[in-house]
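A short write-up of the structure that comes next.
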Amino acid sequence: MRPQSVGWLFMAPTLVILFVFGVLPFVYVLVISFFDWNSFAADPTMRFSGVQNYRDLVFDTGYLMSLWNTLKFGVFAVASEIVLGYFLAQLFMRNFPLKSFFRTIHTLPLMIAPVAVGATWRLMTVPGLGPIPYYLDKWFGYDYLISRYAGQAFFTTVVMDVWHWTPLVTLTLLAALSSMPKEPFEQAQIDGANKLQTFWYVTLPLLKPAILAAVFIRLMDAMRTVDEVWMLTGGGPAAATRYVGLYIWRVVFPKTDYGYGSAMSLITLYLTIVMCWLLYAGLVARRDLRKPE
Amino acid sequence: MSDDVPLRRAAPQGFLPIHTNAFDRVFVSVVCFVAIHLFWMRFLEQDISLYVATVLSVILGAIIIARG
């Protein structure tokens, strides 16, 4: 048997799994998005509707608003996670008493299911029961009620996401920091670079691949967040935290509008891929267009 | 011996501000295709048919693939 054939033989299980669980569902959703299909309606037959689902989608203010809210959520949550994760990673690079214990405690949120995280935060924010509204009122006289104030609900979902997922970013950046070579830092020191210059010209470029990986993973997760927010706010008040995953869920499950739901899912996937690609193209694959002098 | 090694030609630089291969250019074309159609349906379809968007997208895609 030729070496190339052996290679394909070893690749075959992965390729088959990828095709069955990745490509086929995508093609199925793509096909359904061009149909008008509600299997629980009086007429459950699939009717070809062309691009009508996409036409409806670009005029659907509820969907567009949910996309905008999701984008805001993603930007706030991911930016906070990267900054916090970096500082925590730098902290865990130093030696201090009980370092291993704190590192383990710090990663505990990662092990909790999103539904449980949402339920816990719900309990912590219920007026008259949760500690957050109680202490905010007692210490600062702050009226904290996420079932009434849209801004508070939005920022509570962001804080919950940051609490849940910052450890992932910390671990990613910690791994990258641990594997950094010493030489560039020694050279920077010899050249007389101060801490800010060392961070900007040495640490950040070396960390860029890890930061990008963390941003991509977290941005994709943020774009499809459903369970945590559903448990915490149920999408409310009004539609303030009805992120795109929740909106699609409402269309696909309670309304059983599969064609329209598929179109929305695909456009959300499209926007997620485009955002990640723009980040990649802007930060990694950029070409210097200036002509050499 | 080194004379036998065929010289590799440098990849031509297109108008896109990033380093691209054929897959990247096809990807950018598909992204533009979808974006143009969504934009057209939202703002222009009342006046101009969607087929115009399809023709424009295909032309743009071909240019990106050939010269991007």
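Values in this text are rule-based calculations from the coordinates and carry no lab data. Just so we're clear, the structure is a prediction, and the values are computed from it rather than from any experiment. Note that we place each Cβ from the backbone using ideal geometry, even for glycine, and neighbour counts take in every protein chain shown.
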Residues of the stretch B:48-61 being more than 9 Å from chain A (Cβ to nearest Cβ), of a type outside the set (S, T, Y) and closer than 22 Å to A:F59 by Cα, in sequence order, are B:I48, B:V52, B:A53
At least 2 residues that are away from chain B (no Cβ under 14 Å) in each: list the helices (runs of 4 or more DSSP H) lying fully within the stretch A:1-100 that qualify.
A:3-18, A:24-32, A:61-93
Mind listing whichever residues of the stretch A:212-229 are in contact with a Gly (Cβ under 9 Å, 6 or more places away or on another chain) and farther than 19 Å from A:L71 by Cβ?
A:D227
Could you please give the count of residues in the stretch A:208-240 that are outside any helix (DSSP H, G or I) and among the β-branched types (V, I, T)?
3
Only one of (1) loosely packed, with under 13 Cβ neighbours inside 10 Å; (2) within 14 Å of A:V252 (Cα to Cα) does not apply to A:N38, and that is (1)
Leading residue by the ranking (surrounded by the fewest Cβ atoms within 10 Å (Cβ to Cβ)) among those in the stretch A:129-165 that are among the hydrophobic types (A, V, I, L, M, F, W, C) and assigned to a loop (DSSP other than H, G, I, E, B):
A:L129
Is there a residue being surrounded by 12 or more Cβ atoms within 10 Å (Cβ to Cβ), within 29 Å of A:R218 (Cβ to Cβ) and within 23 Å of the chain's Cα centre (by Cα) anywhere in the stretch A:46-57?
yes
With criteria (1) closer than 26 Å to A:D221 by Cβ; (2) in a helix (DSSP H, G or I), A:V202 comes up short on (1)
Can you tell me which condition A:G85 does not meet? The list is (1) free of Cβ contacts under 8 Å to residues at least 12 places away in the same chain; (2) closer than 30 Å to A:R103 by Cβ, and all the others hold.
(1)
Where a residue in the stretch A:249-278 is over 13 Å from A:Y54 (Cβ atoms) and its partner, wherever it lies, is among the aromatic types (F, W, Y) and in a helix (DSSP H, G or I), with Cβ under 6 Å and at least six apart:
A:V251/A:Y260; A:C276/A:F216
Taking the stretch A:90-128 as the region of interest, how many residues are under 26 Å from A:L173 (Cα atoms), surrounded by 14 or more Cβ atoms within 10 Å (Cβ to Cβ) and charged (D, E, K, R)?
1
How about the stretch B:26-47: which of its residues are part of a loop (DSSP other than H, G, I, E, B) and within 14 Å of chain A (Cβ to nearest Cβ)?
B:L44, B:E45, B:Q46
